[in-house]
Amino acid sequence: MTNLSLRKAIAALSAVAATTATLLATSPTTASATPAPHATFARENFDHLPLGPVTAGRGWTTDTSDGTLTVAPSSTGKGRELRIRTEGNGRAFVVFPTPSIPGNSYWARLRLRVAAFPTAPDWAHWTIAEASGADSPTLVRPLGGQYAPTDNGNFWGVGSDLGPTGDWTSWRTSAPAVAGGWQCVEFHLDGADNRVTVYFDGVEQSDLTVDATHHGGAQDSDFVFPTFDELRVGWQLYQGGPSPSSYEMRVDDIALSTGRVGGCGG
């Protein structure tokens, strides 16, 4: 082969290689191998808000009855946090809209510290997070618990109310609610099978998981999510005349996302 013919052959092979590389770089298989990042649709650390009582923030409102929400200096010495205080069986919530969530599924992360849990009346029931939707009366309570006199303590549990499975809190003695310390909490609402999964400080609490057919309510009915459009984060105690007579908690670093936000370790 002459030098000219050799140069032409090399040029042809190079052109084929370049075309193949271009096709590989733009092929659907290659593009789909990289997952799309999740979308965080609400985030609040309270640092941008002025100190004092608060009734609204960036994309959120509040709901209170015998309760107050106050932006306070951080107890860790950096930034600010939200102080929630209620009297008796009052309530105080930050209310986040959660519109048009893909698959009716999302993750939440928050840091919290509860000063004291109820010790009376027996079976006193409290809620820290509640998700709902206008198309169903069902209230999903991924974060809450109950005082169980039989086990002399408060215990975390996922719960629900007003839906076909009734009013229930599936608390577990394996998840004691301890007052006075900060905790990083995550929960996942998975619309695929109406599953609620809870994580404390990055560790999954599998005993607290509920789904459509495994829950704490009427066993002849499935637990079914509403089409979520709102999440409330705060404190509510449902029984009158509790002990103690008032409640205080601190909340910080709230984030809602279509994927796990992280930041809790584990």
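Summary of values
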| read-out | value |
| --- | --- |
| Residues of segment 200-216 classified as closer than 24 Å to THR227 by Cβ and not β-branched (Val, Ile, Thr), total | 6 |
| Odd one out for ARG260, checked against (1) part of a strand (DSSP E or B); (2) open to solvent by 50 Å² or more (accessible area, probe 1.4 Å); (3) in contact with a Lys or Arg (Cβ under 9 Å, 6 or more places away or on another chain) | (1) |
| Test: residue in segment 86-102 that is open to solvent by 30 Å² or more (accessible area, probe 1.4 Å) and either of a type in the set (A, V, I, L, M, F, W, C) or more than 30 Å from VAL224 (Cα to Cα) (or both) | yes |
| Search result, residues across segment 71-107 that are within 27 Å of TRP123 (Cβ to Cβ) and either assigned to a loop (DSSP other than H, G, I, E, B) or acidic (Asp, Glu) (or both) | GLU87 |
| Residue pairs meeting the criteria (Cβ under 7 Å; at least 6 apart or on separate chains; first in contact (Cβ under 8 Å) with a residue 40 or more places away in the chain and among the hydroxyl-bearing types (Ser, Thr, Tyr), in segment 106-120; second in a strand (DSSP E or B) and open to solvent by 10 Å² or more (accessible area, probe 1.4 Å)) | THR119/TYR147; THR119/SER243 |
| Considering residues of segment 123-145 that are open to solvent by less than 30 Å² (accessible area, probe 1.4 Å) and out of contact with any Leu (no Cβ under 9 Å at 6 or more places or on another chain) only, the residue farthest from ARG109 (Cα to Cα) | GLY133 |
| When residues of segment 43-68 are limited to those that are touching a residue at least 60 places away in the same chain (Cβ under 8 Å) and under 17 Å from the mean Cα position of the chain (by Cα), the one most open to solvent (accessible area, probe 1.4 Å) | ARG43 |
| Filter pass, TYR247 being buried (at least 18 other Cβ atoms within 10 Å of the Cβ) and touching a residue at least 24 places away in the same chain (Cβ under 8 Å) | yes |
| Qualifying positions in segment 110-122 - under 29 Å from THR76 (Cα atoms), outside any strand (DSSP E or B) and open to solvent by 30 Å² or more (accessible area, probe 1.4 Å) | ALA115, ALA116, THR119 |
| Complete set of residues in segment 193-239 that are among the aromatic types (Phe, Trp, Tyr), surrounded by fewer than 19 Cβ atoms within 10 Å (Cβ to Cβ) and part of a loop (DSSP other than H, G, I, E, B) | TYR238 |
| Conditions (1) at pLDDT 95 or above; (2) over 15 Å from GLN236 (Cα atoms); (3) among the polar types (S, T, N, Q): number failed by THR127 | (2) |
| Whichever residue in segment 150-177 is farther than 14 Å from HIS215 by Cβ and of a type in the set (Ser, Thr, Tyr) and, among such residues, is most open to solvent (accessible area, probe 1.4 Å) | THR150 |
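The values are calculated or read from the model by the stated rules, or taken from the named source; none is laboratory data. Values in this document were obtained by computation on a predicted structure and should not be read as measured data. Every residue, glycine among them, receives a Cβ derived from its backbone with ideal geometry; neighbour counts consider all protein chains shown. Surface areas here come from the heavy atoms of the whole protein model, side chains and all, with no ligands, DNA or RNA. Shrake-Rupley method; radii C 1.70, N 1.55, O 1.52, S 1.80 Å.
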